[in-house]
1. Give me the extension gain from B:R112 to B:R69: residue separation times 0.36 nm, minus the current Cα-Cα distance, reported in nm with one decimal.
2. Counting pairs of alpha carbon atoms under 8 Å apart in space and at least six apart in sequence, what relative contact order in percent does chain A give?
3. Suppose every Lys and Arg Cβ carries +1 and every Asp and Glu Cβ carries -1, with no other charges. What dipole size does chain B come out with about its Cα centre, to the nearest 20 debye?
4. Can I get the semi-axes of segment B:63-113's equivalent ellipsoid? Compute them from the C-alpha gyration tensor as square roots of 5 times the eigenvalues, in angstrom, largest first.
5. Determine which residues of segment A:39-82 fall in the zone a paramagnetic label at A:T20 would reach in this model, i.e. backbone nitrogen under 14 Å from the point 7 Å along Cα→Cβ.
6. Would you please calculate the Kirkwood hydrodynamic radius of segment B:3-112 over all C-alpha pairs and express it in Å, rounded to one decimal?
7. GNM on chain B, C-alpha springs below 10 Å: top fluctuator among B:D54, B:D85, B:D98?
8. Exceeding 25 Å between C-alpha atoms, which entries from my cross-link table qualify? They are A:K57/B:K78; B:K49/B:K78; A:K13/B:K49.
Amino acid sequence: KAGVTQTPRYLIKTRGQQVTLSCSPISGHRSVSWYQQTPGQGLQFLFEYFSETQRNKGNFPGRFSGRQFSNSRSEMNVSTLELGDSALYLCASSLPTNTYNEQFFGPGTRLTVL
Amino acid sequence: AQSVTQPDIHITVSEGASLELRCNYSYGATPYLFWYVQSPGQGLQLLLKYFSGDTLVQGIKGFEAEFKRSQSSFNLRKPSVHWSDAAEYFCAVGEVGDYKLSFGAGTTVTVRA
């Protein structure tokens, strides 16, 4: 079974631009979560989607948004990029009946903001 | 609020020696606990998980962890380290219905020959 896939793997943008990252969960998984990983702040939760509904959101500004499609694929968008948005963005998926939130992670998208 | 503490930022261990990584957590309800490993430039791979039951859990790659409720700890161990175990290790905690994981800051493991 294929794992979580994220595209693109690497991205370079300039300040003020916007970016969209994509995540395809493991087949059959309907929950998708997003995390930001930076050397200074570590791994921080961005948001989680299930059946196209956001169920939880982390403490990030409104420039960070996401959505989930009917096929469970998810995208996250960052508008008006800042230098501090440079990070590894990780997507994770879990089963629809997963009460315990066991999450499987993709390889991440490395975003560099210049 | 959930929080996870990994007291050791960096550990160096000789190949063949034992390894123990510490994790302490605080939580509001019934926690479930995980250890993940991350190699440079890669995503996170699940090593093991604890939901309930036996407090000693076995994972992949020869790792095990012990849940101690009285100490709010979930330490990871491996009896004999291989050079390929060099990576960063993250402890994570979640709660039922919270739909997110809270991660520790991570411990980087260096294996010397």
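Every read-out reported here was derived from the displayed coordinates using simple, explicitly stated rules and does not represent laboratory data. Keep in mind that this is a model prediction, so the values were computed, not measured. A quick note on method: Cβ atoms are made from the backbone with ideal geometry, for glycine too, and the neighbour counts reach across all protein chains shown.
1. Values: separation 43, 0.36 × 43 = 15.48 nm, distance 3.33 nm.
Here the segment from B:R112 to B:R69 would lengthen by 12.2 nm.
2. Details: 290 pairs, mean separation 41.3, N = 114.
That works out to 36 percent.
3. Details: 9 positive and 10 negative charges, 7 e Å.
Dipole about the Cα centre, nearest 20: 40 debye.
4. On the way: eigenvalues 127, 41, 14 Å².
Semi-axes, largest first: 25, 14, 8 Å.
5. A:65-70, A:73-79
6. Numbers: mean 1/r = 0.0715 Å⁻¹.
Hydrodynamic radius (Kirkwood, Cα only) of segment B:3-112 equals 14.0 Å.
7. Highest fluctuation of the listed residues: B:D98.
8. Numbers: A:K57/B:K78 35 Å; B:K49/B:K78 15 Å; A:K13/B:K49 37 Å.
Beyond 25 Å: A:K57/B:K78; A:K13/B:K49.
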